[in-house]
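Trainee: Have a look at the structure that comes next, please.
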């Protein structure tokens, strides 16, 4: 791999950006496809660039059908789960998500909840959610779940999450709780994004225990990641 390409890949992964490297096998000419478009010594036709760009979400690699004799490899950030609210469901969800390959961060300024004793081995953040999310960034490889059931914590997180590129946004609460949440977020000028919130959160598996609800949440996150919100 060429040094300039390797440097760009290293930079992208360090900043949680996705890109695809397309190589023409006959002579080694390369180009990079990212959110800004296509750059490099290999010129791609629009349909070839579009096919390469489709790998940005899937993370797959292989030959491009539209460009015989090529090889495309996607470099995508690790999936990440941001959990707002260090509640009982979060304890189970954090462990399950980590096992499934997610980088997990639990955000809660309440030290009595977000403690190493309750979340051993989990990355904890004691900032207020809006401050934490602004620092961590909200990219297309990240999911967010608001579980605190406290508008003072959940709402600021959702206000930042809704217009972002997050692939999944979920919020805990009954239908009545969600109706009140929708009203608040609409008054905050976010009405056009409300449909992005998965609430009631998780697949309808019928479970009631915290661990069972965590299973349903993680199952829905994985489904949306691979099949989209309309699946």
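Trainee: For helix 3-14, report the angle its Cα long axis makes with the longest principal axis of the Cα atoms of the chain; keep it between 0 and 90° and round to the nearest 10°.
Mentor: Value to nearest ten degrees: 10.
Trainee: So for 41, 51, fewest C-beta neighbours within 10 Å to most, what's the order?
Mentor: The most exposed by this proxy come first: 41, 51.
Trainee: Between 108, 155, 65, where does the largest GNM mean-square fluctuation fall for the chain, given springs only between Cα atoms within less than 10 Å?
Mentor: Evaluated over the chain, the most mobile residue of the options is 65.
Trainee: Okay, moving on. Considering only 90, 50, 143, give the residue with the highest GNM mean-square fluctuation for the chain, with springs between Cα atoms whenever their separation is below 10 Å.
Mentor: 50
Trainee: Next question. How would you rank 1, 96, going from fewest to most other Cβ atoms within 10 Å of each one's own Cβ?
Mentor: The fewest-first ordering by Cβ neighbours comes to 1, 96.
Trainee: Angle between the Cα long axis of helix 175-187 and the longest principal axis of the chain, 0 to 90 degrees, nearest 10?
Mentor: Approximately 60 degrees, to the nearest ten.
Trainee: If you line up the long axis of helix 88-99 against the longest principal axis of the chain, both from Cα atoms, how many degrees apart are they, to the nearest 10?
Mentor: Once rounded, the angle reads 20 degrees.
Trainee: Another question, if that's okay. Just want the ordering: 226, 193, 168, 75, from fewest to most Cβ atoms lying within 10 Å of their own Cβ.
Mentor: 226, 193, 75, 168
Trainee: While we're on this one: Spin-label point model (7 Å from Cα, Cβ direction): what's the residue 183 to residue 152 distance in nm?
Mentor: The answer from the label model is 2.1 nm.
Trainee: Restricting to Cα pairs below 8 Å that are 6+ residues apart, what does the relative contact order work out to for the chain? Please round to a whole percent.
Mentor: 14
Trainee: Report the relative contact order of segment 177-231, percent, no decimals, based on alpha-carbon pairs under 8 angstrom and at least 6 residues apart.
Mentor: Contact order relative to length: 22 percent.
Trainee: From Cα pairs below 8 angstrom and at least 6 apart in sequence, can you work out the relative contact order of segment 20-67, rounded to a whole percent?
Mentor: 29
Trainee: Right, something else. Considering the chain as a Gaussian network with a 10 Å cut-off on Cα pairs, which listed residue, 204, 95, 34, attains the greatest mean-square fluctuation?
Mentor: For the chain, modelled as a Gaussian network with Cα springs under 10 Å, the answer is 204.
Taken together, the values in this text are just the output of simple stated rules run on the coordinates, not laboratory data. Everything quoted here is computed from the prediction, not taken from an experiment. We place every Cβ from the backbone using ideal geometry, glycine too, and count neighbours over all the protein chains shown.
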